[in-house]
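What follows is a single structure, written as C-alpha cells, with notes after it.
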Ligand code: AMP
Ligand code: MG
C-alpha cells in the first residue's frame, strides 16, 4: 500500500478536519450554479444558489419548462400558439383564454392606458411590416402601412375578467407580446425557483432580468447596463435584490434606411419605427411591469417616458440618448434612491 493512501475511516476524519467549523454546524453553504437555454427568440440565463448540483438542476429544469410553456402559448411566431388561435378569431366572438394569456393581456392593457397607447400589443400588423423592412432595408410602402395601421388600437381589445375571455373587435387584428412576455416569463420562472426553496436567484431573458434575494454574503446582484457607444464611458452597474430590471433599445435590432436609424420598437400612434439611438433601463417591482414600461418609455422619449416612470410606484429609470458621438443621460426622479451603484 503506498505510504500516502489513507484507509476509509482515516480519510473521512481527514476530510472532517479540513471543513470550516461553520460548515459543520450549519451544513454546506449554498453554491452558485448557472444554466442557459434558448426560448422566445433569445437566450434565457438562470443563476441560482443551491445546496448541490442535483437540487440546482431540478429547480432550473422546472423553471425553463415554465418559460417554454409560456413561449408556446404567447408567441406570435408560432401558428400553434394560443395567442395566434385568439388572433384568428379577430372580428368574431369573445374567446375564453388561459390564465397566463389573460394575465399578460391585463398587464399590457393597463400599460396601454397609462401610456396613452405608446405601449400597445395590438401593434402586430405594423410590427410585421417593419420586420420585413429590417430584412430588405426598404421603408414599408405607404398604402400597406395605412392598411396595417387601420387594424391596430388597444381600445379594440376587450377583456372580461368574469369569463376570462378576450375579444378582438376588428378583423385582421394581430397581437404581439414581444414588449412584455420576456419580463413576465422571467418572473414566472423565478417563482418556480422559489417553489423549489431557492431563495437567491437571477433569471434573465435577453434584456429582461428579475432577481430574488442577494447571493450569500453579498448586498445584491450586480447588473451591468450596456453602454450606447462601445468606447464611451460605461453606465453604472446596479446592485439589486427582489427587483426586476429591463432594458429596451435599438442596440441589437435596428435598420438604417437613407441614413436614418429605425428601431424594432414602433410608435403605434403613428405606425412609424422609433428613430435614433437610445436605450431605457427600468427598475420596477415586477418583471412584466419593468418590461412593458421600458418599451413604453422608448416610444415616449426621455421627457414623457420618465414622467410615466415617476408616476409608477416603486419604479425608476435611466434613459440614454445618443446625439452624434455624445450620449445624453436622463435619470428618473427615483433613480438615485432606488438604485445602489455597484461600484
Ligand atoms: P422590448 O425589447 O421589450 O422593448 O420589446 C420590443 C418588441 O415589442 C418589438 O420587437 C415588438 O415585437 C414589440 N413592440 C414594438 N413596439 C411596441 C409598442 N409600441 N408596444 C408594445 N409592443 C411593441
Ligand atoms: Mg419591453
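Observations, loosely collected:
- Some residue of the range 189-196 being under 30 Å from residue 327 (Cβ atoms) and buried (at least 24 other Cβ atoms within 10 Å of the Cβ): no
- Residue 269 being more than 19 Å from the chain's Cα centre (by Cα) and near ligand 1 (Cβ under 10 Å from one of its atoms): yes
- Among the residues examined, residue 322 qualifies as out of contact with any helix residue (DSSP H, G or I) (no Cβ under 7 Å at 6 or more places or on another chain), outside any loop (DSSP other than H, G, I, E, B) and modelled with pLDDT under 95.
For (1) within 14 Å of ligand 2 (Cβ to nearest atom); (2) in a helix (DSSP H, G or I); (3) crowded, with 24+ Cβ neighbours inside 10 Å, each residue gets a yes or a no:
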residue: 290; (1), (2), (3): yes, yes, yes
residue: 295; (1), (2), (3): yes, yes, yes
residue: 300; (1), (2), (3): yes, yes, no
residue: 304; (1), (2), (3): no, yes, no
residue: 307; (1), (2), (3): no, yes, no
residue: 313; (1), (2), (3): no, no, no
residue: 327; (1), (2), (3): no, no, no
residue: 330; (1), (2), (3): no, no, no
residue: 333; (1), (2), (3): no, no, no
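- One residue from 101, 74 being closer than 30 Å to residue 201 by Cα and within 16 Å of ligand 2 (Cβ to nearest atom): 74
- Any hit, the range 248-262, residues being out of contact with any strand residue (DSSP E or B) (no Cβ under 9 Å at 6 or more places or on another chain), surrounded by fewer than 24 Cβ atoms within 10 Å (Cβ to Cβ) and not in a loop (DSSP other than H, G, I, E, B): yes
- For residue 121, the conditions (1) more than 16 Å from ligand 1 (Cβ to nearest atom); (2) under 18 Å from the mean Cα position of the chain (by Cα) all hold with the exception of (1).
Residue by residue, here is whether (1) out of contact with any helix residue (DSSP H, G or I) (no Cβ under 8 Å at 6 or more places or on another chain); (2) closer than 30 Å to residue 220 by Cβ; (3) buried (at least 19 other Cβ atoms within 10 Å of the Cβ) holds:
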| residue | (1), (2), (3) |
| --- | --- |
| 43 | yes, yes, no |
| 50 | no, yes, yes |
| 55 | yes, yes, no |
| 58 | yes, yes, no |
| 67 | no, yes, yes |
| 70 | no, yes, yes |
| 77 | yes, no, no |
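- When residues in the range 304-328 are screened for being in contact (Cβ under 8 Å) with a residue 60 or more places away in the chain, more than 18 Å from residue 110 (Cβ to Cβ) and out of contact with any strand residue (DSSP E or B) (no Cβ under 6 Å at 6 or more places or on another chain), 2 of them pass.
- Whichever residue in the range 225-248 is closer than 19 Å to residue 276 by Cα and at pLDDT 85 or above and, among such residues, is nearest to ligand 2 (Cβ to nearest atom): 248
The values are calculated or read from the model by the stated rules, or taken from the named source; none is laboratory data. These numbers come from a predicted model, not from an experiment. All Cβ positions, glycine included, derive from the backbone under ideal geometry; neighbour counts span all protein chains shown.
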